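Written below as structure tokens is the structure these notes are about.
The values are calculated or read from the model by the stated rules, or taken from the named source; none is laboratory data. Given the structure is predicted, the values throughout are model-derived calculations rather than measurements. When we count neighbours, we look across all protein chains shown, and the Cβ atoms used for this are built from the backbone with ideal geometry, even at glycine. Heads up: the accessible areas ignore ligands, DNA and RNA and are worked out on the full protein's heavy atoms, side chains in. Shrake-Rupley method; radii C 1.70, N 1.55, O 1.52, S 1.80 Å.
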Amino acid sequence: MTRTGRLALANLWVAIGAFGVAAAMAFMQALSRAALDLPWRSARMYYISVTAHGTLMALVFTTFFIMALGYVITERTLGRPVVHLPLAWTGYWIALVGTLAVVAAILSGKATVLYTFYPPLMAHPAFYIGAALLIVGSWIWGFVVLRTYYQWRREHPAEATPLALHGMLAAVIIWFICTVGVAWEVVGLLIPWSLGLTKTVDPEFARMLFWYFGHPLVYFWLLPAYVVWYTVLPRVAGGKLFSDRLARLVFVLFILLSTPVGFHHQFMDPGVPATWKLLHTILTFAILFPSFVTAFTVTASLEVAGRLRGATGLLDWIGKLPWGDPLCASVLLSMLLFAVGGVGGAINAAYGMNAVVHNTAWIQGHFHLTVGTAVALTFMGTAYWLLPKLTGRELELALLAKVQPYLWFVGMLLFSISNHITGLMGMPRRIYDASYGDSAIAGSWRALTDLSAVGGLFLFASAGFFVLVMLGTGLAGKRRAAERIEWAEPLEPVPAGITVFDRYGMWTAVAVFLVLVAYAYPMWAHLHMQRFGSPGFTPF
Ligand code: HAS
Ligand code: CU
């Protein structure tokens, strides 16, 4: 194994560990929300569990997985090890120590603040300091990837960036732009406040900073999945990428539009003027576009694959795709559910509709289709494909790997559809007991919460299968020769030269300009209003 490979593998194992623990937490929550009489069930346990689940899945599993994939893509597309390996390992340990601090704070019951850690809910300082360390570790990762790229660029001034790396660089740029917000929130507001150095905190300003980070965060998760859809899936499915240029355009559009949209999470917040909510709405609808292009391009690539496999009719290419291959099945099922989750996103983004769905179970329905499936299931499929290539071991328990994506699909379908419906019926999100002491309204959604718990059962089994396959492969997979990674080739040969899409400095500058347009004035105005701070609350 190469030295970069070993670093990637270390990151991958942390991701898998976080995923396993978080999945176990989720199972308990699903049962709790179905109001089943479990001996350990209490509000305190529920909030410990939801915080651990959200934080470990959304912030730890994703970040470590993306760091692993980023290192692999950098090394394999450029054909060289990443630079500054000792620094990269330091970043890994910083992120890991931060993660352990966060987990310790949560599991000891001192940080029941959920993964969005909105003040005035207050956590133990270890939670915020740990989160800051995780981010510092990820910055080092981004720096190492960028430095490796620029070193290659100096030696290859006229070549286009390999497409997989192009997508990964877009994710890195988005990450650097957006984490400024959460770093400001955590270091500037929350750490001093939780240490008792400041008495109060401004919850509204903290939310502005959080969502400045929180929305681009979802594209930091999504883009590495899109990299797999564009550059790995067509190859594994036996086809070609329909258009290299469209793929490059998509990633650039994400650099530009990911950040200036955060107020769509704050439509119902007082204190954000309507004009700015409208601007963020318009930009949110603009950022649907690159996902529509992705739906088109990836589906077209799949059609090419099906036809190369002998399909001749209008739709029979769908049946010709290798649905039994774990990577293919994971991504295809991810796409199907993402189509539903994406439409839900457009509904969330419309101000009037948002008033109906905000803070209801609909929202957890939405994000389990997006981050919980489009991203997480794609990452699981990617792990089946990647782990053998990294370790030189054959995939063990391959039957479980074949079944696992389908269990996830069924589980998520049951879970998400029922949550979308109960959300429309008015069931709040993030509550410990949805039965309201057996009131009439809760009676009407009872069958649906049971269905959602059944979905949780499928998901738990699926997650268990995934972890078993990973452990089996990593510990006992049969040795085989190390393997190259073959990326999907474009359908039409593209001129190899550098294009406007490779001008990352320029795109970053435009993105920062858009951020200033969308945020500078409302934040400045907010900071110049009469503001009222809040003391901290720790309900448990
Ligand atoms: Fe979202 C809330 C709007 C995408 C994650 N979102 C959330 C939260 C999370 C989240 C975690 O405007 C909750 C935050 C919290 O805790 O409060 N979201 C959108 C919009 C999009 C969107 C407009 N979200 C995502 C992605 C996420 C994610 C991606 C994670 C990875 N979201 C919102 C809004 C809220 C929100 C509001 C706040 C709600 C509130 O009130 O609190 C868009 O980016 C969606 C674009 C996607 C599409 C779908 C394209 C389809 C594709 C597949 C096609 C497949 C086909 C079949 C055709 C337009 C690419 C393939 C063929 C075969 C043969 C298989
Ligand atoms: Cu958003």
Open to solvent by less than 40 Å² (accessible area, probe 1.4 Å), within 16 Å of ligand 2 (Cβ to nearest atom) and without any contact (Cβ under 8 Å) to a residue 40 or more places away in the chain, is that true of Leu209?
yes
Could you grab me the full set of residues in the stretch 310-325 that are in a loop (DSSP other than H, G, I, E, B), free of Cβ contacts under 8 Å to residues at least 60 places away in the same chain and either open to solvent by 40 Å² or more (accessible area, probe 1.4 Å) or polar (S, T, N, Q) (or both)?
Gly310, Thr312, Leu314, Leu315, Trp323
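Hey, can you tell me all the residues within the stretch 111-122 that are away from ligand 1 (no atom under 14 Å from the Cβ) and within 11 Å of Thr51 (Cα to Cα)?
In the first step, residues of the stretch 111-122 are kept if they are away from ligand 1 (no atom under 14 Å from the Cβ); the result is 111-112, 119-120, 122.
Selection gives Ala111, Thr112.
On the given criteria, is Val227 of a type in the set (Val, Ile, Thr) and within 14 Å of ligand 1 (Cβ to nearest atom)? Walk me through how you get there before you give the answer.
Details: of a type in the set (Val, Ile, Thr): yes; within 14 Å of ligand 1 (Cβ to nearest atom): yes.
It is true that Val227 is of a type in the set (Val, Ile, Thr) and within 14 Å of ligand 1 (Cβ to nearest atom).
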So is Phe267 near ligand 1 (Cβ under 9 Å from one of its atoms) and aromatic (Phe, Trp, Tyr) or not?
yes
Can you tell me how many residues within the stretch 472-504 are within 24 Å of Phe65 (Cα to Cα), in contact (Cβ under 8 Å) with a residue 40 or more places away in the chain and outside any loop (DSSP other than H, G, I, E, B)?
6
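Report, by residue number, each residue of the stretch 265-285 that is assigned to a helix (DSSP H, G or I), open to solvent by less than 40 Å² (accessible area, probe 1.4 Å) and aliphatic (A, V, I, L, M).
Our first condition is that a residue be assigned to a helix (DSSP H, G or I); within the stretch 265-285, this holds for 265, 274-285.
The next check asks that each one be open to solvent by less than 40 Å² (accessible area, probe 1.4 Å); those that pass are 277, 280-281, 283-284.
Answer for the stretch 265-285, where residues must be assigned to a helix (DSSP H, G or I), open to solvent by less than 40 Å² (accessible area, probe 1.4 Å) and aliphatic (A, V, I, L, M): just Leu283.
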Based on this model, can you work out whether Arg235 counts as within 16 Å of ligand 2 (Cβ to nearest atom) and among the charged types (D, E, K, R)?
no
Answer yes or no as to whether Val356 is closer than 25 Å to Tyr71 by Cβ, within 15 Å of ligand 1 (Cβ to nearest atom), touching a residue at least 60 places away in the same chain (Cβ under 8 Å) and not basic (Lys, Arg).
no
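Table: residues versus (1) under 15 Å from Gly342 (Cα atoms); (2) open to solvent by 10 Å² or more (accessible area, probe 1.4 Å).
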residue: Met353; (1), (2): yes, yes
residue: Leu387; (1), (2): no, no
residue: Glu394; (1), (2): no, yes
residue: Ala398; (1), (2): no, yes
residue: Lys402; (1), (2): no, yes
With the requirement that a residue be within 24 Å of Leu114 (Cβ to Cβ), small (Gly, Ala, Ser) and open to solvent by 30 Å² or more (accessible area, probe 1.4 Å), what does the stretch 412-464 give you?
Gly426, Gly437
I need every pair where a residue in the stretch 249-275 that is within 19 Å of Thr179 (Cα to Cα) has its Cβ under 8 Å from the Cβ of a residue that is at pLDDT below 95, sequence separation at least 6 or different chains.
Phe263/Val272; Gln266/Val272
If the Cβ limit is 7 Å and pairs must be 6+ apart or interchain, which residue in the stretch 426-437 that is on the phi < 0 side of the Ramachandran plot pairs with which residue that is open to solvent by less than 40 Å² (accessible area, probe 1.4 Å) and assigned to a strand (DSSP E or B)?
Met427/Thr360; Pro428/Thr360; Arg429/Thr360
For Thr198, which of the numbered conditions (1) hydroxyl-bearing (Ser, Thr, Tyr); (2) surrounded by fewer than 24 Cβ atoms within 10 Å (Cβ to Cβ); (3) touching a Ser or Thr at 6+ places or on another chain (Cβ under 7 Å) fails to hold?
(3)
